[in-house]
1. Using Cα atoms only, what is the angle between the long axis of helix 74-86 and the major principal axis of the chain, expressed in degrees (0 to 90) to the nearest 10?
2. Taking only the C-alpha atoms, wrap a convex hull around the chain and report its volume per residue in Å³ as a whole number.
3. What lysines could a cross-link reach from Lys71, if we take a straight Cα to Cα line under 20 Å and drop same-chain neighbours fewer than 8 places away?
4. Suppose R0 equals 35 Å; then what is the FRET efficiency for Gln100 and Lys268 from their Cβ-Cβ distance, rounded to the nearest 0.05?
5. Once label points are set 7 Å from the Cα along Cα→Cβ at both Lys167 and Val197, what is their separation, rounded to one decimal in nm?
6. First measure r as the distance between the Cβ atoms of Tyr242 and Val125, then evaluate 1/(1 + (r/R0)^6) with R0 = 35 Å and state the FRET efficiency to the nearest 0.05.
7. Would you mind computing, in nm to one decimal, how far apart the modelled labels at Lys16 and Thr228 are, each placed 7 Å from Cα along Cα→Cβ?
8. How much length is gained if the chain between Lys68 and Ser178 is pulled fully straight, taking 0.36 nm per residue apart and subtracting their Cα-Cα distance, in nm to one decimal?
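Every number in this text was worked out from the coordinates using simple rules, so none of it is lab data. Everything numeric in this text was worked out from a predicted model, so none of it was measured. Glycine gets a Cβ as well: all are built from the backbone with ideal geometry, and neighbour counts include every protein chain shown.
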Amino acid sequence: LSRKLSSSACINQSIKNVVVIGGGLMGSGIAQVAAQSGQNVTIVDLDRKVVEKAQNAINTSLQRVAKKLFKDDLAKADKFLTNSMSRLMLSTNPEEAVGQSDLVVEAIVEKLRIKQNLFKTLDTVAPTHTIFASNTSSLPIGEIAEATQRKDRFVGLHFFNPVPVMKLLEVIRIPETSDDTYNRVMDWGKSVGKQTVTCKDTPGFIVNRLLVPYMMESVRLLERGDATARDIDTAMKLGAGYPMGPFELLDYVGLDTSKFIIEGWAEKFPENPLFKPVPTLNRLVEEGKLGMKTGEGFYKYQKK
Ligand code: NAI
């Protein structure tokens, strides 16, 4: 009986140890919000330099958070920073890192095969109770989970950039996701300060399924010569109350990323007119104009 009790206690335990695989833009943000919420976090990437860069970025970002939270109390701000950073560990070995994990969040390159290979390996070494999650924006969660024997403990956890600022977390359930897994990740999402919404495993989930076709339709409006990019942006900000116009958003997200998403959907759903190719987007990407990150997209930016 005692063994039975301890194993069920283990399954129901709350998530305390998180492993984030991929220390890029999203991975470092996810690791930060978990560490600042009191969890132990390990960031894993292929290269030591990348994880060290992630650690520095988190440190800088947390200083800002600390200043905001404890304006006048330098000692408290300092303690918050030190405590949060002390919960952050770095690794270049995913198999070793997941040994003590309750939750693994994957935020590596957007390639199905690579994600599947990673989870296949981790499935054999992670504890039985560990939940696996992917932060993918455009790949089906079910296809990634296919590589594992733990589909009941598999979800999508889709964060938004910049993770420490954006309040939303989309929680994606595949048909096999158990209620226990779902409840635990919903609680976890709240514990890292996010408002959670639930969606089935459908292309683009909620936000991107609406946002990407909207951005593409904006480019089509521009291509027809109906209005300028500047005026379309102004119209959507002042008329629809959006914080950014569609072209500002495209430049922010990256034109290559948007093209990649729409092409993936077009391939899967060739009959859907919302996913049809957009020539201007393809041309700008060909010219290397990828948005803010290259200094030019629909608009020009001052290089930092
Ligand atoms: P990124 O390129 O900034 O970071 C990816 C990191 O993964 C890199 O540091 C790379 O070295 C590492 N990596 C690649 N293969 C690896 C492996 N096998 N093991 C360990 N590390 C590996 O990419 P970003 O933007 O952070 O995106 C990561 C994921 O998050 C993608 O699946 C993307 O679709 C998703 N996502 C991206 C958003 C965005 O706004 N950039 C928003 C929401 C989700």
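1. Rounded to the nearest ten degrees, it is 80.
2. Here the figure is 156 Å³ per residue.
3. Result set, ordered by chain and number: Lys79.
4. 0.40
5. 1.3 nm
6. Details: r = 45 Å, r/R0 = 1.27.
The computed FRET efficiency comes out at 0.20.
7. Those two pseudo-labels are separated by 6.0 nm.
8. Stretched fully, the Lys68-Ser178 segment lengthens by 35.8 nm.
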